[in-house]
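The values are calculated or read from the model by the stated rules, or taken from the named source; none is laboratory data. This is a predicted model, so every value here is computed, not measured. Note that each Cβ is placed from the backbone with ideal geometry, even for glycine, and that neighbours are counted across all protein chains shown.
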Amino acid sequence: MNFKMIRYTLGLILLFEAAFLMVPLVTSFFYIEKEWSSTLSILGTIALCIIAGMLCSYRRPQDSTLYSKDGFVIVALGWIVLSLFGALPFVFSGSIPNYIDALFETVSGFTTTGSSIVPKVSELPNSMLMWRSFTHWVGGMGVLVFIMAILPLSGAQNMHIMRAESPGPTVSKLVPHVKKTALILYAIYFVMTVIQFVLLLFGDMTPFDALNTAFATAGTGGFGFRDDSFLSFGAYSQVIVTIFMLLFSVNFNSYYLLLNRKFRAAINSEVKVFFAIVFVAIGIITASLLITETKGAETFGDALRHTAFTVASIISTTGFATLDFNVWPTIAKVTLVALMFIGACAGSTGGGFKVSRIIILFKGMIREVGSILRPRQVKKITVDGKAVSHEVTRSVNAYLVTYVLIFAVSFFLISFDNYAITEGSKLVTNFTAVAATVNNIGPGLDMVGPTVNFSFFNPFSKLVLIFNMLAGRLELLPMLILFSPTLWTDSFKHRKEKSTDEPYTADETDAQMHD
């Protein structure tokens with residue numbers, strides 16, 4: 001591995017985090033917060049980020065070659081370092097005194113999960129509320145993607161970093177250069193955020209409310225800044241947020257294709273299946289709410305509005321809520337849990353398993369059934385008329401196995417937590433807590449429903465859930481590779497056998513492009 005380049009990139013991340021912290025700092029000065037603890041905590045964290053960042057990135061390595069495994073390690077360590085420093089303002093200000101709790105909140109923000117340990121978010125200073133929401137926006141498109149859009153790291157091999165950080169089974173370049181691709185993605189992301197912010201100002205939101213909401217919706221994060229999440233906002237604001245939660249769930253490549261008038265390519269099978277799932281879920285839940293005369297959704301208009309908002313919130317993995325869906329009919333809750341696992345489209349800011357993977361798995365199942373009936377027939381999996389490569393199919397299958405394994409182990413580990421609750425409710429709570437964190441959704445059911453929080457878990461369980469949030473956001477493998485002994489033993493062995501000052505050759509780089 002290129003340790004010097006990894007160190008250099010981590011330094012850049014910390015310097016960028018110092019810049020990110022200017023947003024809550026300006027908020028603190030603008031609202032003239034009476035307690036200076038928030039302002040001083042932000043300034044102190046900025047200073048630490050700058051010092052640590054400069055120590056790591058004071059000199060750019062001569063060898064800037066990045067292998068595939070380097071990209072995965074950079075992304076995993078980068079998000080960990082970003083979260084470790086990002087938690088400091090909460091601790092220094094006393095808003096969240098316990099560091100594990102502060103780390104949980106910060107990781108939940110950067111990974112756009114939205115699960116919280118804060119019982120009364122309305123009591124937090126405006127600067128801390130802004131930092132929580134802004135972490136969603138930063139993490140939504142990807143921190144390393146943002147850095148690549150501003151500073152070139154190592155030419156074409158930035159693709160290793162983009163592949164490790166971007167959600168979905170495949171990552172494609174919109175244009176030949178990776179930096180231009182990153183710029184296009186962030187330009188679309190920024191413009192959509194601004195449009196939502198402006199539209200929200202026409203409703204019942206203040207500029208502060210609208211900005212927090214736009215940040216949280218764009219990143220599909222869902223940190224609320226009111227104790228009732230979105231219940232107290234009017235129908236107009238709820239409808240605007242519903243629309244944008246769905247828009248940010250669509251692959252950003254589709255928007256680029258729409259801008260280039262390639263409408264057929266933009267409205268691909270994944271987009272069609274995604275919206276089909278959304279409409280079917282809305283129909284099922286709306287009917288169940290009307291039949292059971294659920295409180296708050298007695299009329300068709302109210303039931304449809306609250307259902308559409310909740311479905312968009314869950315499938316986009318945003319996590320906002322207008323009603324407590326924990327008390328909805330069983331069929332509605334089962335549908336929502338199913339949406340938790342499905343998630344958004346690949347290449348969006350949403351989490352979950354991703355619709356594209358589900359399409360590939362479903363078509364793979366049909367192919368296997370067909371091969372039993374007609375053994376001699378050779379049939380490839382196709383999506384939008386194009387054959388899916390064996391590498392993609394293999395990666396989807398490997399992802400499914402890894403996903404199930406992490407889910408099962410996490411569910412087993414937090415089952416040792418002895419918080420006071422009946423065993424039946426504990427089963428639902430733990431299961432949906434793991435589902436909410438691995439899929440980066442936010443709320444679950446029962447004790448982790450939309451009106452409660454994750455504060456009752458013990459520190460060990462919170463660490464397990466923190467790992468889940470990071471693993472879910474980074475598509476599992478970047479986090480798992482850190483636990484591979486082979487990665488570190490081979491890397492240190494390579495350093496002994498070969499001088500780190502000797503540049504890698506093109507042949508070596510090409511040979512390991514798909515390691």
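Below, the figures for the structure above:
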item	result
Residue match in the stretch 27-47 (condition: over 30 Å from Val121 (Cα atoms) and in contact (Cβ under 8 Å) with a residue 40 or more places away in the chain)	no
Meets criteria (closer than 25 Å to Ala216 by Cβ, of a type in the set (Val, Ile, Thr) and surrounded by 16 or more Cβ atoms within 10 Å (Cβ to Cβ)) for Ile100	yes
Test: residue in the stretch 216-234 that is among the small types (Gly, Ala, Ser), at pLDDT 90 or above and farther than 18 Å from Thr318 by Cα	yes
Failed item, numbered, when Gly94 is tested on (1) touching a Leu at 6+ places or on another chain (Cβ under 8 Å); (2) in contact (Cβ under 8 Å) with a residue 24 or more places away in the chain	(1)
Test: residue in the stretch 393-406 that is among the polar types (S, T, N, Q), surrounded by 12 or more Cβ atoms within 10 Å (Cβ to Cβ) and in contact with a Gly (Cβ under 6 Å, 6 or more places away or on another chain)	no
Residue check for Glu368: over 25 Å from Met469 (Cβ atoms), acidic (Asp, Glu), out of contact with any Leu (no Cβ under 7 Å at 6 or more places or on another chain) and assigned to a helix (DSSP H, G or I)	yes
Helices (runs of 4 or more DSSP H) fully within the stretch 392-508 counting 3 or more residues that are at pLDDT below 90	423-438, 477-481, 485-497
Subset of the stretch 266-306 [in contact (Cβ under 8 Å) with a residue 24 or more places away in the chain and small (Gly, Ala, Ser)]	Ser269, Ala281, Ser288, Gly296, Ala297
Qualifying residue in the stretch 345-354 (condition: part of a helix (DSSP H, G or I) and either within 20 Å of Ser229 (Cα to Cα) or of a type in the set (A, V, I, L, M, F, W, C) (or both))	no
Any chance Met54 is aliphatic (A, V, I, L, M), closer than 30 Å to Leu487 by Cα and surrounded by 20 or more Cβ atoms within 10 Å (Cβ to Cβ)	no
The stretch 29-48, residues that are crowded, with 20+ Cβ neighbours inside 10 Å, modelled with pLDDT under 95 and of a type in the set (A, V, I, L, M, F, W, C)	Ile42
Some residue of the stretch 358-376 being touching a residue at least 60 places away in the same chain (Cβ under 8 Å), of a type outside the set (A, V, I, L, M, F, W, C) and surrounded by 13 or more Cβ atoms within 10 Å (Cβ to Cβ)	no
Meets criteria (more than 17 Å from the chain's Cα centre (by Cα), of a type in the set (S, T, N, Q), surrounded by fewer than 17 Cβ atoms within 10 Å (Cβ to Cβ) and more than 17 Å from Met245 (Cα to Cα)) for Thr294	no
Filter result for Leu82 (buried (at least 22 other Cβ atoms within 10 Å of the Cβ), modelled with pLDDT under 90 and closer than 30 Å to Ser484 by Cα)	no
